[in-house]
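Input: a single structure, listed below in structure tokens.
The values are calculated or read from the model by the stated rules, or taken from the named source; none is laboratory data. This one's a predicted model, so the numbers in the text were calculated from it and none came from an experiment. Cβ placement follows ideal geometry from the backbone for every residue including glycine, while neighbour counts extend to all protein chains displayed.
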Amino acid sequence: MIEVAENVYHIPLFPRNMVNAYIVDGFLVDAGVRSSERKLLQAIDQFGRHKIQGHVLTHAHPDHQGASAAICQALNISLWCGTNDADAMESGLFADVDVNNLIIRFQKRYWVGPPYPVQRRLQEGDRVGEFEVLDVPGHAPGHIALWRERDGVLIAGDVINNASLATTLTGVREPPAGFTTDVALNRASIKKLARLCPTIVCVGHGPVLHDADQLTALANQLPD
């Protein structure tokens, strides 16, 4: 666990930062896959269990909510999630969907976590500690980001990736279209985040981005 900004700690859950979680102003943001529980609890113990105020999901995909229920139960903390992803978290992601895609079947079997009640449904303008909630749908219907204006720190989730999930090569890019609900809407969310001109961008996949010009460059390449 590494402090990448004031009160922002990066927890790499997979090698080469392929899946990340963060502790942000005392809130655990995202929880990896179902087997990430041990690594998360080790990091939280290093931080101090008594300091964790709650758990926030950027979105309810299985590589972000996998250990959410286990962590909330272990620490007796509440789960917060974007309004339009809360039902998916509470009903059980993929639970009743017949999917033939090999990757989705793998995620259903090994990654996805059990459903868990969402105590707070987050909307644009809500606060998580010192961070403002931003509504940035597209990759998922209820995807949110967290923004701290005073020093330009952005928790972007999967609105962008900073590595290829196929090759692990780093570089800012759109998330894979096959796992994105609405590509055009996600591109609008990328542009929205780029207009903030962040100084540090914490992503769900890939290293923390300290050169936000790469985000601007990606946004400028996208169609209107």
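The figures follow:
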{"item": "The range 29-62 - residue that is in contact (Cβ under 8 Å) with a residue 60 or more places away in the chain and either of a type in the set (Phe, Trp, Tyr) or in a helix (DSSP H, G or I) (or both) and, of those, farthest from Val118 (Cα to Cα)", "result": "Ser35"}
{"item": "Single match in Arg105, Arg150, Arg121 (criterion: exposed (fewer than 15 other Cβ atoms within 10 Å of the Cβ) and modelled with pLDDT of 95 or more)", "result": "Arg150"}
{"item": "Near pairs, Cβ below 6 angstrom, 6+ apart or cross-chain, from the range 1-28 (over 20 Å from Thr168 (Cα atoms)) to any residue that is charged (D, E, K, R)", "result": "Asn7/Asp25; Tyr9/Glu3; Asp25/Glu130; Gly26/Lys51"}
{"item": "Residues located in the range 200-217, provided they are modelled with pLDDT under 95 and either part of a loop (DSSP other than H, G, I, E, B) or touching a helix residue (DSSP H, G or I) at 6+ places or on another chain (Cβ under 8 Å) (or both)", "result": "His210, Asp211, Ala212"}
{"item": "Answer residue from the range 1-13, given it is closer than 23 Å to Leu165 by Cβ and part of a loop (DSSP other than H, G, I, E, B) and is modelled with the lowest pLDDT among those", "result": "Met1"}
{"item": "One residue from Ile190, Ile155 being crowded, with 20+ Cβ neighbours inside 10 Å, of a type in the set (A, V, I, L, M) and in a helix (DSSP H, G or I)", "result": "Ile190"}
{"item": "The one condition in (1) surrounded by fewer than 18 Cβ atoms within 10 Å (Cβ to Cβ); (2) assigned to a strand (DSSP E or B); (3) not aromatic (Phe, Trp, Tyr) that Asp87 fails to fulfil", "result": "(2)"}
{"item": "Condition met for Arg16 (in a helix (DSSP H, G or I) and more than 18 Å from Ala70 (Cα to Cα))", "result": "yes"}
{"item": "Close pairs (6 angstrom Cβ cut-off, 6 or more residues apart or separate chains): over 15 Å from Pro15 (Cβ atoms) in the range 196-208, among the hydroxyl-bearing types (Ser, Thr, Tyr) and in a loop (DSSP other than H, G, I, E, B) anywhere", "result": "none"}
{"item": "Residue that is farthest from Asn162 (Cα to Cα) [pool: residues in the range 213-222 that are touching a residue at least 24 places away in the same chain (Cβ under 8 Å) and surrounded by 16 or more Cβ atoms within 10 Å (Cβ to Cβ)]", "result": "Ala219"}
